Structure formats: C-alpha cells, structure tokens
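The values are calculated or read from the model by the stated rules, or taken from the named source; none is laboratory data. All values reported here derive from a predicted model rather than from experimental measurement. Cβ coordinates were reconstructed from backbone atoms using ideal geometry, including for glycine residues, and neighbour counts include every protein chain displayed.
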Amino acid sequence: MHYSFPEGFWWGSASSAPQTEGESLSHGKTPTIWDHWFRLQPERFHHGVGPAQTSTFYEHWKEDIALLKALNHNTFRTSVSWARLIPDGTGAVNQEAVAFYNQVIDELLRQGITPFINLFHFDMPLSLQEQGGFENRKVIDAYEAYARTCFELFGDRVTHWFTFNEPIVPVEGGYLYDFHYPNVVDFRRAATVAYHTMLAHARAVKAYRERNDGGEIGIILNLTPSYPRSQNPADVKAAHIADLMFNRSFLDPALRGSYPEDLVALLSQYDQLPACQPGDKELLAAGVVDLLGINYYQPRRIQCRDSQVNPDSPFMPEWFFSAYEMPGRKMNPYRGWEIYEKGIYDILTRLRVEYGNPRCYISENGMGVENEQRFEQDGQIQDDYRIAFVRDHLKWLHKGLSEGSRCLGYHMWTFIDNWSWCNAYKNRYGFVSLDLESQKRTIKKSGEWYRQVAAKNGFDE
Ligand code: BG6
C-alpha cells in the first residue's frame, strides 16, 4: 500500500537548546537549574554527564543545518535559551546570543527549512528559580518580557512559535516525583507551578497576537492516552482522573481556554487548588492556541487502586489510580517504554471529535535505545527498529488524516543523539549518531530512510 501525505506536510525533527547547544556557561550564558543541579548532585546524572556535554550546536550549527537539509527536512524545531538571551532572566539582552540565533534562523531559512521556535524547554534560568520559579507570579512577568523580546528580535522571520514544551514535565519532575530541580514533592506547589505556567503561556499568546506578525503560536503537550484496565466503572473512573491530571490540565486551557470542571471540583474537594487572582480567567481564555504540538511516546495503562490510601499521607495523583503492566503489551526492549502506535490515532481522533479538530502536528515521537553502538555495522547504526517505529506511527497518523484530522506534520525526536537531562546519553534517539568525544556525526539508517520519505512525501508498504 502507498501512504501519501498532504502537500506541504511538515517533515522534520525536534530538539532543544539546552540539549544541543553546549557552551553551557560561556558566551554570556548564565546557569540554568540544570547547570546548578549538576554542580550540586552530579551523581543524579547518568554516568555523571552534565549539561555542558552536548553536540555543541553553538559551534556546529552550520554543519548541523546542512545535515537537516540532507535529511530533506522542510521544518525543524529548536528552542531559545532564556539564560543565554537574557542572562539575568530579566533586563539586558546578550547581543552575542542575538547574533547566534539570527545566524541559525537565517541559515535554516536559506536552506528552505522553516524554523519552529519554542521558548522554554525545561531550562529555567537559575536566577529566576532562586526567586521561586513559576511558583512566583513575578516570574510570569519575566517570562512575558522574555517572550516579547524573542518576538521583537526574531518575529520578522519566525512564523511558528511555541510557548512551552511539555509544561507538565517540570511540574512532575520538579514538584512531584523528584526528577528535576528543585526536587520538591508537594502537590499543591506543583498545581501552583502548573497554573502559573499556563498564565505565562497565555500572556505570551496575547503578546504575540498584539503584534500581528502574521505567524502562529502554540504549545507543545505530551499527551498520554489513559486506557483503563477494564470497563469496570472503578477502572474507568481511575483512567478519567489520570487523564484529567496529566492531559486535560494543560490540554483544556490550551484548546478551550479554561480548566475541566471536574478537575477543579476534585482539587477543591482536597484543598489543592492554586490561588487565583481577578483577571486570571479572562487571561486563560485568551491563551487558546493557533497550533497544538503533540508529543507522543507511550500511553498510560490505568487501574483503580487495589488498596486504600493512608488518609494521613500527603495528597498525590496516585491516591486515585495506579499503573499496571498490561499483559502482552509491546515494549521497546532497548528503553523499557511501551510501543503502542495506535495511540497517535486515538489522540488525533479525540482532538477531532471532542476539541473541534484543532490545527496540530506531531511535535515529538521517537524511540530511545540504550547502548546503540551495538547496532553499528560498517560505520553506520543499522536502526531498522527505529524505521519500523516511525513507519508504524506514520501509518496511524495517516489513518487519522484520512478521517479528517488536521495534522499538519511529523517531527521525530530527535535530529541528533542528544543530552537528555538526568538520563544524559543513556537513550539515543537521533537520526544522526554522535560520537561525543570526536563530535563526529553519522547519519543512521533511519535517517537515510526518512530522507526518502520526506522526498516522496510518503512511503510504500
Ligand atoms: C521528551 C522530552 O519527552 O523525552 C525530551 O521533550 C527528552 O527533552 C525525551 O530528551 C527523551 O527522554 P529520555 O528520558 O528517554 O532520554
């Protein structure tokens, strides 16, 4: 069968500034929470590898853009580093950073690759985290000023903007489950950070629209379908609560401009609601996006709790549900995550049926592999497993399109093997392999395959 995609479909990949740029503390850049946490606890990072060890996009940007071109990308997402552009978090702009991002944007455009620019990929400047990060409303002001600066500097050429990547991840990591700085475990504080993040998002959306630059602005959400273990009402309810907490807490404000009533009722019942101020409601309503980025890796398999929660324990999402390992589910043997390709179709269908079919695209989807060097032959990684992974997800995306979803493109995570937070280089995801020592780049077999798919705007199966 031939799978062809609509004309102008976005073929590309995604990355981020903190994971690729390098030059972590030079050329005017100040520390982010990652630089800081690595200094405090290097043992929390896989093999003790911290944010300074990257593919050094800061130096190799031209070579990397040539590789993107070689892979036939027509679009590419990266982010701006707030701590590089505005070293104190607020105030003076670092002109060296402006020159760097101008070069990158101009070169992408010269090569016919549309830049998608994200403003925040988990990399809070330390100076602002020291003021409480997004727990502090003043940081919302700082974020808005930073967003305005980006629009002012680059908005004449950048037409696709995103306010946040996976905003729930710093909330879960930093305030619930201890895998990001500041390593707090406190639901109420987590809810406050989540709420303020969406207020910041809405401020940026408003600021962008006021400019009338003619481009579009969105947000990138990691959507994890929550499938109940059974149709038993208790399992269905558990999956519904997981969905409210992990998907709809960001999806509803982004697409409907307000929070789901049952989420508000649940949090208020347990006294976990963040403090609201007059005007917040109107602001959130102004934050409805033009374009939704969907990151999809794996679903959540949910069951109702089989034991009672100790009523004296602190409130946690797991009061209401637990995850279970569905027998027979397909796993990525090299990363440990479930592979469920149909999830991408389920997300698109839900958006079409329940959310008015918004303009969207797959902004991340990919397969992490440990010790990927073992698959090298004649100097190239033979990653047939990744080809199968991307192809099978694209088939389900294609089905979504055939049923009317407005999915405009597909971005693989990621272009080049990159540094991934606490996991550092544990799981490799790239179309291009990176030798960290020599900085040598080599296109993997999957990259060659994707090059053809993009050229033909489809594939045969
Ligand atoms: C995505 C993030 O969710 O997962 C990326 O947006 C991250 O920043 C990627 O690198 C892979 O994560 P991991 O834990 O498998 O390295």
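If you take the residues in the stretch 150-168 that are assigned to a helix (DSSP H, G or I) and surrounded by 18 or more Cβ atoms within 10 Å (Cβ to Cβ), which one is nearest to the ligand (Cβ to nearest atom)?
So, considering only residues that are assigned to a helix (DSSP H, G or I) and surrounded by 18 or more Cβ atoms within 10 Å (Cβ to Cβ), the one nearest to the ligand (Cβ to nearest atom) is 168.
Of all residues in the stretch 220-241 being assigned to a loop (DSSP other than H, G, I, E, B) and surrounded by fewer than 19 Cβ atoms within 10 Å (Cβ to Cβ), which is farthest from the chain's Cα centre (by Cα)?
Once the filter is applied, the top-ranked residue is 232.
Can you find a residue in the stretch 431-444 that is within 20 Å of residue 220 (Cβ to Cβ) and either at pLDDT 95 or above or under 20 Å from the mean Cα position of the chain (by Cα) (or both)?
Yes, because at least one residue in the stretch 431-444 is within 20 Å of residue 220 (Cβ to Cβ) and either at pLDDT 95 or above or under 20 Å from the mean Cα position of the chain (by Cα) (or both).
Since residue 288 meets every condition but one in (1) modelled with pLDDT under 95; (2) outside any helix (DSSP H, G or I), which condition does it not meet?
So residue 288 meets the others, but not (1).
Just one of 221, 255, 251 is in contact with a helix residue (DSSP H, G or I) (Cβ under 7 Å, 6 or more places away or on another chain) and not β-branched (Val, Ile, Thr); which is it?
Just a single option satisfies the conditions, and that option is 221.
Examine the stretch 47-54 for a residue that is modelled with pLDDT of 95 or more, within 16 Å of the ligand (Cβ to nearest atom) and hydroxyl-bearing (Ser, Thr, Tyr), and state whether such a residue exists.
Taking every residue of the stretch 47-54 in turn, at least one turns out to be modelled with pLDDT of 95 or more, within 16 Å of the ligand (Cβ to nearest atom) and hydroxyl-bearing (Ser, Thr, Tyr).
Going through 11, 37 one at a time, which residue ends up being of a type in the set (Phe, Trp, Tyr), within 16 Å of the ligand (Cβ to nearest atom) and either under 20 Å from residue 438 (Cα atoms) or in contact (Cβ under 8 Å) with a residue 40 or more places away in the chain (or both)?
Only one candidate passes the filter, namely 37.
Can you work out which of the residues in the stretch 14-34 that are in contact (Cβ under 8 Å) with a residue 40 or more places away in the chain and of a type in the set (Ser, Thr, Tyr) is nearest to residue 120 (Cα to Cα)?
16
Hey, could you check the stretch 89-113 for residues that are in a loop (DSSP other than H, G, I, E, B) and in contact with a strand residue (DSSP E or B) (Cβ under 8 Å, 6 or more places away or on another chain) and say which is surrounded by the most Cβ atoms within 10 Å (Cβ to Cβ)?
Restricting to residues being in a loop (DSSP other than H, G, I, E, B) and in contact with a strand residue (DSSP E or B) (Cβ under 8 Å, 6 or more places away or on another chain), the top hit is 89.
Of the numbered conditions (1) assigned to a strand (DSSP E or B); (2) over 20 Å from the mean Cα position of the chain (by Cα); (3) among the hydrophobic types (A, V, I, L, M, F, W, C), residue 453 satisfies every one except a single condition; which is it?
Only one criterion is unmet by residue 453, namely (1).
Sort out which residues of the stretch 128-148 are buried (at least 19 other Cβ atoms within 10 Å of the Cβ) and either within 16 Å of the ligand (Cβ to nearest atom) or more than 20 Å from residue 189 (Cβ to Cβ) (or both), and write them in order of number.
Result: 146, 147.
Would you confirm whether any residue within the stretch 440-451 is out of contact with any helix residue (DSSP H, G or I) (no Cβ under 7 Å at 6 or more places or on another chain), under 16 Å from residue 19 (Cα atoms) and not small (Gly, Ala, Ser)?
no
Given the conditions (1) more than 27 Å from residue 61 (Cα to Cα); (2) within 14 Å of the ligand (Cβ to nearest atom); (3) free of Cβ contacts under 8 Å to residues at least 24 places away in the same chain, and given that residue 389 satisfies all but one, which numbered condition is not satisfied?
Unmet for residue 389, out of (1) more than 27 Å from residue 61 (Cα to Cα); (2) within 14 Å of the ligand (Cβ to nearest atom); (3) free of Cβ contacts under 8 Å to residues at least 24 places away in the same chain: (3).
Just to verify a result, which residue in the stretch 1-59, among those that are of a type in the set (Gly, Ala, Ser) and loosely packed, with under 15 Cβ neighbours inside 10 Å, is farthest from residue 446 (Cα to Cα)?
That would be 26.
Could you tell me which residue of the stretch 374-417 is nearest to residue 1 (Cα to Cα), considering only residues that are of a type in the set (Lys, Arg), part of a helix (DSSP H, G or I) and touching a strand residue (DSSP E or B) at 6+ places or on another chain (Cβ under 7 Å)?
Looking at residues that are of a type in the set (Lys, Arg), part of a helix (DSSP H, G or I) and touching a strand residue (DSSP E or B) at 6+ places or on another chain (Cβ under 7 Å), I get 395.
So residue 378 clears everything in (1) buried (at least 19 other Cβ atoms within 10 Å of the Cβ); (2) away from the ligand (no atom under 14 Å from the Cβ) except one condition, right? Which one?
(1)
Residues in the stretch 195-217: is at least one without any contact (Cβ under 8 Å) to a residue 24 or more places away in the chain and outside any helix (DSSP H, G or I)?
Yes, because at least one residue in the stretch 195-217 is without any contact (Cβ under 8 Å) to a residue 24 or more places away in the chain and outside any helix (DSSP H, G or I).
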